[in-house]
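Reading through the structure tokens given below for one structure.
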Amino acid sequence: MTTAALPDQPESLSNHARNLGTPLDVAMFEGHSVNRSAAERRAATLTTRRSVKKTHQAAWLINAIRCIDLTTLAGDDTEGRVQRLCAKARQPLAPRIAQGLGIEDMGLTTGAVCVYPTMVPHAVKALRGTSIPVASVATGFPAGLMPLHLRLEEIRWTVDQGADEIDIVITREHVLKGDWAALYDEVAAMREACGDAHLKAILATGDIATLRNVYSASMVAMQAGADFIKTSTGKEGVNATLPVSLTMVRALRDYGDVTGQQVGFKPAGGMKSAKDALAWQYLMKEELGNEWLQPDLFRLGASSMLGDIERQLEHHVTGRYAAAHRHSLA
């Protein structure tokens, strides 16, 4: 296998055109119904109609690595854990595997490293000299139930610490009450507080009840200037699912058709396996095309997924499965 089987290296997220947003336009989503049964049927076909094997599967998995936001969001995070995670982001595959795949000169890294605000300086230091962005959650993650001025100050503080990307959480009550103006104003204020850092809006889809709410919240977040929309914090009872993701990427497509602007997508939470990495890439390819298989428009929010991907790629090279502990992350 050679890098000829892989997509070209993309422009970095920092060079990708920002979403400028639009004025709030409820006509773009109010009255837009989502057929849950149809969405679930469509999502179910993604993994049954398409199958990639051998070298092709390896190429898809390598591409998934490029799109991973390698994440640690634990209460016992330490500087040492963040340093180890960043080392893994810089060299996500063991040298023997990269050599076996013929990609040792590719410069493969993960898409970003995502940490809590107080861990940002450690990540910035550990990633110095690379082009790997540092992402941070903010705005009272994961619940977001803090006064708005404190959430905005947390964004500004985190950007000052060196974060390139900010994953914000919305106030779910605004969605559940249909108060779209309040949601718009909140996200727009967060976008302004980010300055040059890119904003990923976490919709916490497991908390907002219906696919219609998911579609509407996606559209409002994009109108308010979100550069990415993201499914989940990873802390809800239900996190990223394919039907929810399908609803969100169709909102992306509809927003792009109207405005001409491209917004990225990040599923997160509950995705642990190489099969998950393939399934969400199938979704992006079939619904939005190859352009959304690049890390400037697609990220996978995961912590343990990389270990299973590395294990599958080692099997591709050697024909043997390694014990899972041989591919631990941090």
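The values are calculated or read from the model by the stated rules, or taken from the named source; none is laboratory data. Note that the coordinates shown come from a computational prediction; the quantities given were computed from them, not determined experimentally. Cβ atoms come from the backbone with ideal geometry, glycine included; neighbour counts cover every protein chain shown. Protein only, heavy atoms only, side chains kept; ligands, DNA and RNA dropped before computing areas. Shrake-Rupley method; radii C 1.70, N 1.55, O 1.52, S 1.80 Å.
Quick notes on this structure:
- Restricted to strands (runs of 3 or more DSSP E) entirely inside segment 191-278, those with at least 2 residues that are in contact with a Ser or Thr (Cβ under 8 Å, 6 or more places away or on another chain) and of a type outside the set (Asp, Glu) are 198-202, 264-266.
- Any hit, segment 159-166, residues being β-branched (Val, Ile, Thr), outside any loop (DSSP other than H, G, I, E, B) and open to solvent by 30 Å² or more (accessible area, probe 1.4 Å): yes
- Residue match in segment 41-62 (condition: under 19 Å from Asn290 (Cβ atoms), open to solvent by less than 10 Å² (accessible area, probe 1.4 Å), β-branched (Val, Ile, Thr) and outside any loop (DSSP other than H, G, I, E, B)): yes
- Residue in segment 127-138 that is surrounded by 14 or more Cβ atoms within 10 Å (Cβ to Cβ) and part of a helix (DSSP H, G or I) present: no
- Here Pro92 passes the criteria (1) surrounded by fewer than 18 Cβ atoms within 10 Å (Cβ to Cβ); (2) in contact (Cβ under 8 Å) with a residue 24 or more places away in the chain; (3) part of a loop (DSSP other than H, G, I, E, B); (4) of a type outside the set (A, V, I, L, M) except the one numbered (1).
- Odd one out for Ala188, checked against (1) outside any loop (DSSP other than H, G, I, E, B); (2) touching a helix residue (DSSP H, G or I) at 6+ places or on another chain (Cβ under 7 Å); (3) among the aliphatic types (A, V, I, L, M); (4) in contact (Cβ under 8 Å) with a residue 24 or more places away in the chain: (2)
- Within segment 169-185, the residues that satisfy the criterion of being out of contact with any Gly (no Cβ under 8 Å at 6 or more places or on another chain) and not in a helix (DSSP H, G or I) are Lys177, Gly178, Asp179.
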